[in-house]
1. Restricting attention to the stretch B:138-155, and to residues there that are touching a residue at least 40 places away in the same chain (Cβ under 8 Å) and surrounded by fewer than 23 Cβ atoms within 10 Å (Cβ to Cβ), which single residue is nearest to the other protein chains (Cβ to nearest Cβ)?
2. Taking the condition buried (at least 18 other Cβ atoms within 10 Å of the Cβ) and farther than 11 Å from residue A:106 by Cβ, does residue A:8 pass?
3. Being surrounded by 21 or more Cβ atoms within 10 Å (Cβ to Cβ) and of a type in the set (Gly, Ala, Ser) is the filter here; which residues of the stretch B:25-62 pass it?
4. Would you mind telling me which numbered condition in (1) under 30 Å from residue A:54 (Cβ atoms); (2) surrounded by fewer than 19 Cβ atoms within 10 Å (Cβ to Cβ) residue A:197 fails?
5. Output the residues belonging to the stretch A:178-204 that are in contact (Cβ under 8 Å) with a residue 40 or more places away in the chain and of a type in the set (Gly, Ala, Ser).
6. In the list B:128, B:161, which residue meets the criterion of being of a type in the set (Asp, Glu), assigned by TED's automatic domain parsing to the domain that holds residue B:69, buried (at least 22 other Cβ atoms within 10 Å of the Cβ) and within 22 Å of the chain's Cα centre (by Cα)?
7. Residue under question is residue A:183, and the condition is that it be at the interface with chain B (Cβ under 7 Å from one of its Cβ atoms), more than 18 Å from the chain's Cα centre (by Cα), surrounded by 15 or more Cβ atoms within 10 Å (Cβ to Cβ) and under 20 Å from residue A:143 (Cβ atoms); does it hold?
8. I'd like the full set of residues that are within 16 Å of residue A:144 (Cα to Cα) and among the β-branched types (Val, Ile, Thr), limited to the stretch B:183-198.
Protein chains: 2
Amino acid sequence: MAMQERAIRTRNALIKAAAELFDQDGPASASLATISARAGVSNGALHFHFPNKAALLDAVVVAAEGRLRWITRPREVRAVQLLIDASHELVQGLGRDVVLRAGFRLSGQGEGSGSAPDLWRAWQKWVEDTLTRAGKEGSLLTDESPHEVAAVVVAMAAGLEALGESDAGWLERSVLARFWALVLPRVVGAAARHHFVPSGRGDR
Amino acid sequence: MAMQERAIRTRNALIKAAAELFDQDGPASASLATISARAGVSNGALHFHFPNKAALLDAVVVAAEGRLRWITRPREVRAVQLLIDASHELVQGLGRDVVLRAGFRLSGQGEGSGSAPDLWRAWQKWVEDTLTRAGKEGSLLTDESPHEVAAVVVAMAAGLEALGESDAGWLERSVLARFWALVLPRVVGAAARHHFVPSGRGDR
């Protein structure tokens, strides 16, 4: 049992070290030796967990997928507010959680084995599903298609992430809140707008 | 005169080859030898134009800045429509013009000498100035600040560029047109909305 716990801790340390190095220098520059050194484990231990670099890249994306699943967890709240809250959590998370950020950057770049999930696509699917739910709840203006609105929401989060790479000011809650304040009256109708908080209801 | 023309052509070929290789593999991986080979010029000719790689990186950004200046050229049209049109030209350009795309990616990454312009910041400044002009023309709703609206417009373009890297569908006119259709009624007021074309008035 203690052995297993230690193995899990080692595995997580390797994933975190890999994410940090991919984040700093890009996946091509980071060597397995640097990653194991940074994680404070032997090269042998690294190879026990990950046969090669592609497997480690995949593991970072899968770990980030777990975090995305937490961000998009079901909550007792109307679909539109859930979407707003989750978008804030995602953008904040991309700023301060290196595994989440590295996972999003790696996924879709085709650097791993090719079997890791595409996280931007997973996020887009969830946004679309949530907007469809909002429609069923009667919150959406009828002329708005969940698919088209979702594309705009996804592009906004991706843009904040990309710009946040060189200037963290873009990841502040205020920019995304501004986006929601601009878009909400068209998506849910001016009358329903007061139901929703563009800056999110998070306690964070 | 013929000499000078040839020198300009060589210089442009080097900038284009550098942009293509930076775009493909990132600036760190591209060597000066690969760049000169791709441009079809000798290593000596490369060094005649660019003393080192940082100078070549800077030259790509400066070339992209020239294209951005063309995209944001003054035109006989209301400020809001000018902004819409230029945003479409930028996103289309980022999709198909490798020098523009590489310039935007390089600028702000601090890869060159550090003296090249930050193109996202230049774009942001122009968007802000254009929104301020829209306010003077009476097109803007009075509760909207040019600074805050500009941030949302800039993040949207950056997001389409980032997502377009792995899926060109994001760079299609329709996604940005959707964004403008969602945002315009809040920025210019529902009544003025019919003055403006969210998909741009471009002939392209």
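The values are calculated or read from the model by the stated rules, or taken from the named source; none is laboratory data. Just so you know, these numbers come straight off a predicted model, no measurement behind them. FYI the Cβ positions are ideal-geometry reconstructions off the backbone, even for glycines, and counts take in every protein chain you see.
1. B:144
2. In short, no.
3. Matches in the stretch B:25-62: B:30, B:36, B:39, B:59.
4. Failed condition: (1).
5. Hits for the stretch A:178-204 are A:189, A:192, A:199, A:200, A:202.
6. After ruling out the rest, the residue left standing is B:161.
7. yes
8. The one that is within 16 Å of residue A:144 (Cα to Cα) and among the β-branched types (Val, Ile, Thr): B:183.
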